[in-house]
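Here's the structure, in structure tokens; my notes come after.
Coordinate-derived values only; no laboratory data. Given the structure is predicted, the values throughout are model-derived calculations rather than measurements. Using ideal geometry, Cβ is built from the backbone for each residue, glycine included, and neighbour counts are taken over all protein chains shown.
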Amino acid sequence: MINLEFLRLSWETIRNHKIRSALTLLGIVIGVFAIIVAVTAVKVIESEMVETIESFGSTTFYVESKWEAAVVGTERRARTALTYEQMIRLADRAELPVAISPNMSMGRVEARYADRKLDAQVRYVGSNEYWALNNGFELAEGRFLGDYDVRAARPVAVIGEELNDKLFPNETALGKDIIVAGARFNVIGVFDEKGDAFGNNLDNIAVVPITRMIALYSAANRDIEIVVRAADLRALDATMDEVTGLLRVIRRVRPGEPDNFEIESNQSFVEEVTQFTDIIANAGAGIGLITLLAAGVGIMNIMLVSVTERTREIGVRKSVGATRRNIASQFLYEAIFLCQIGGAVGILTGVLAGNIIGLFVDTSVVFPWMWALLAVLGVTAIALIFGVYPAFKAAGLDPIDALRYE
């Protein structure tokens with residue numbers, strides 16, 4: 001049970017010895033601050049990464065070819081390429097996915113309109129009518145690719161918000177012809193702003209029918225990525241299993257042989273990010289804990305000084321009836337009270353400093369409740385561990401000798 005009288009005496013002692021108390025607090029504040037700022041900063045980054053990944057859809061997963069290191073050259077490409085024709089066969093046979101889209105990328109290319117152009121900056125993608133749905137893109141104006149555009153290999157494109165602003169700063173892009181990587185496309189739609197993801201600008205993009213891209217570059221056997229969307233999270237595993245089974249048949253993988261393709265879901269990306277950031281957060285917290293232990297040694301040292309300074313006071317208290325337990329409890333209360341103040345300041349400053357990163361990555365505010373609770377418990381443990389010896393030393397003083405102390 002908390003003794004309010006001891007709390008009052010603790011507060012009076014802190015007020016009467018401001019400099020000494022401030023020095024003791026500083027060690028605790030630095031230790032707790034180091035733990036909380038490290039954890040908060042990492043959690044802010046984690047939050048931004050997870051939000052970015054989940055913006056592409058929590059029920060979306062990706063299929064890519066698995067390269068075999070032992071196979072080289074033309075044989076390697078023939079054996080492992082994941083082709084558009086295989087995607088078509090998968091889409092015809094699969095029953096569980098709600099959308100399947102190819103992703104054929106030509107990297108960063110030049111795009112121009114009239115006298116305005118962007119050199120090797122535009123992400124050039126070939127896909128079908130489900131690309132926007134599977135990748136979490138929405139339209140600001142116009143329309144996206146349709147089934148007819150893909151079947152007829154029409155020279156049309158949907159462009160990103162930044163590409164639109166740079167090529168058409170004062171006019172609409174809809175209906176205009178742009179040149180992308182030397183090929184002419186008619187703009188039928190403009191994406192809404194998407195932002196950056198892991199350092200990549202998602203708004204500098206041009207999406208065209210994959211069939212048009214194949215015709216332009218004779219890329220029928222070019223390696224692609226297949227993006228699949230399940231109906232919901234409950235159907236995600238079953239959908240992945242179905243796609244795996246069908247692709248093994250389509251790619252003629254024999255029973256017992258490993259898959260020659262890889263499947264990654266956004267959920268698995270989130271788990272990997274969380275595991276990685278947890279390791280970094282724990283490492284940062286470990287460094288802060290070392291600082292906190294050093295602060296504990298400082299607390300013990302300053303409390304021993306306090307015992308010496310207050311020897312006569314202890315003698316007076318004992319002479320009027322204070323027990324050893326009363327004296328020990330008072331000094332322990334002072335240590336705990338001081339550490340809790342330092343812990344609270346360290347938590348608040350650590351959270352504020354850690355969330356400064358959030359201002360640059362535009363993510364939500366993070367407060368590491370679990371780590372804050374651990375910090376409170378930690379400083380309490382530090383106070384008890386390093387405050388016990390000074391407290392019992394004070395309690396063990398002989399009242400006669402204490403009264404004579406000058």
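Once both labels are positioned 7 Å from their Cα atoms along Cα-to-Cβ, the gap between I356 and E193 label points is 2.5 nm. The protection proxy used here, the mean number of other Cβ atoms lying within 10 Å of each residue, ranks peptides 378-385, 258-265 as follows, highest first: 378-385, 258-265.
Computed packing ranks the peptides 185-193, 135-143 as 185-193, 135-143, most packed first, by mean other Cβ atoms within 10 Å. With a cut-off of 17 Å on the backbone N, the residues of the stretch 151-182 near the modelled label site 7 Å out from E110 along Cα-Cβ are 167, 178-182. Among residues other than V150 with Cβ under 9 Å from its Cβ, the summed charge is 0 (Lys and Arg +1, Asp and Glu -1). Relative protection proxy for 118-131, 166-179, from highest mean packing down: 118-131, 166-179 (other beta-carbon atoms within 10 angstrom).
Around the Cα centre of the stretch 190-253, unit charges on the Cβ atoms of Lys, Arg, Asp and Glu (plus for the first two, minus for the last two) sum to a dipole of about 460 debye. Computed from the Cβ-Cβ distance with R0 of 25 Å, the FRET efficiency linking D237 to R93 stands at 0.85.
Taking each pair of different alpha-carbon atoms in the stretch 125-262 once, compute 1/r for the pair, average those values, and report the inverse of that mean as the Kirkwood hydrodynamic radius in Å to one decimal. Can you show the working numbers first?
On the way: mean 1/r = 0.0593 Å⁻¹.
For the stretch 125-262, inverting the mean 1/r across all distinct Cα pairs yields 16.9 Å.
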